[in-house]
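Heads up, the thing below is written out as C-alpha cells.
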Amino acid sequence: MTEAVKQPVLVIPQLIVGLGNPEPKYDQTRHNIGFAAIDALSRSWQIPLAENRKFQGEFGEGIAPGGGKIRLLKPLTYMNRSGQSIQAVTNWYKLPPESVLVIYDDMDLPLGKTRLRLSGSAGGHNGMKSAIAHLSTQNFPRLRIGIGKPKGAAISDDSGTVSHVLGRFSAAETQLMSLVLQFVVECIESSCKQGVEKAMNRCNSRTVDISD
C-alpha cells in the first residue's frame with residue numbers, strides 16, 4: 001500500500017525556554033532578554049515560576065492561550081549549559097524536540113526586530129549550541145530577539161562584543177524593549193493557537209518602534 005502524502009505537521013509549543021544567565025549582575029542585560037521574555041509570559045498568562053532543582057531552572061506550568069498545557073523555563077545552569085536544563089524537562093515530560101520553543105538574543109538583528117523559525121543552526125550563540133547538543137537536533141522552533149551590534153566596536157573585537165551583550169539597555173532602548181516583549185508575547189500566543197508556521201508570517205514582518 002502506498003503511503004499517503006504527509007500533511008505538514010502543526011508545530012504547537014509545549015515548552016517555552018528563555019535563555020540567559022543567573023545571578024543579579026546579569027539582570028536586565030541584553031544577553032538575558034530570553035529570561036525577560038519568560039517573565040513577560042509568566043505575568044501575561046499568570047503562570048508563576050519557581051526554582052526547580054530537578055530541572056536546574058526556574059519553571060512553571062499552566063494553560064496556554066490555545067488551551068493546551070504549557071511549560072515555561074529559565075535555565076539556571078549558565079548560558080553555555082542551557083541544554084542540560086532543557087533536556088531535564090523534555091526527558092521528564094517525554095516532549096519531542098519540535099515542541100520546545102527557545103527564545104534568545106541575536107546581535108545580527110537590529111533592536112525592534114524578531115525572527116521566528118522552525119529550525120536552524122546555533123549561529124554562534126552558546127546557549128543554542130548547548131540546546132542543539134542536548135536535544136540532538138536543530139529541528140525545534142526558536143524566536144530570536146534583536147539586540148543590535150555594538151556601536152563603533154569592530155565586530156571582530158571580542159571584548160567589544162562581550163561588553164555589548166553583557167551590557168544593559170539605555171533608557172530609550174529599555175522603553176523599546178518593553179514594547180518588543182509585548183510583541184513577543186503576542187507571537188508566542190499566535191504560535192500556541194495557530195502553530196509556529198502561521199505565527200512566523202506576523203512575527204517576521206514587523207519592526208517594533210516607539211511610535212507603535
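A compact table of results
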{"item": "Under the Karplus curve 6.51 cos²θ - 1.76 cosθ + 1.60, θ = phi - 60°, whole-Hz ³J(HN,Hα) for the stretch 101-115, x wherever Gly or Pro sits", "result": "10, 10, 10, 7, 7, 9, 6, 6, 9, x, 4, x, 9, 10, 9"}
{"item": "Calculated FRET value between residue 133 and residue 51, using beta carbons and R₀ = 25 Å, to 0.05", "result": "0.55"}
{"item": "Cα centre as origin, Lys/Arg/Asp/Glu Cβ charges: the stretch 15-205 dipole, Debye", "result": "280 debye"}
{"item": "Estimated Rh, the stretch 99-212: Kirkwood, alpha-carbon pairs, angstrom", "result": "15.0 Å"}
{"item": "Taking only Cα atoms of the chain, radius of gyration then Dmax in Å", "result": "16.7, 64"}
{"item": "Angle in degrees between helix 82-93 and the longest Cα principal axis of the chain, rounded to the nearest 10", "result": "20 degrees"}
{"item": "Simple spin-label estimate for residue 168 and residue 118 in nanometres, 7 Å along Cα-Cβ", "result": "4.1 nm"}
{"item": "Cα-projected label distance for residue 206 with residue 182, points at 7 Å along beta-carbon direction, nm", "result": "1.0 nm"}
{"item": "Dipole moment magnitude, nearest 20 debye, the stretch 99-212 about Cα centre, only Lys, Arg, Asp, Glu C-beta charged", "result": "260 debye"}
{"item": "³J(HN,Hα), Karplus 6.51/-1.76/1.60, whole Hz, each residue of the stretch 15-28, x for Gly, Pro", "result": "9, 10, 10, x, 8, x, 10, x, 5, x, 5, 9, 4, 6"}
{"item": "Cysteines in the chain that, by Cβ-Cβ distance, have no pairing candidate under 4.7 Å", "result": "192"}
{"item": "Highest to lowest packing among 100-109, 117-126, scored as the average C-beta count within 10 Å", "result": "100-109, 117-126"}
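Laboratory data are not the source of any read-out in this text; all were calculated from the coordinates shown. Just so we're clear, the structure is a prediction, and the values are computed from it rather than from any experiment. In this analysis, Cβ positions are derived from the backbone assuming ideal geometry, glycine residues included, and neighbour counts consider all displayed protein chains.
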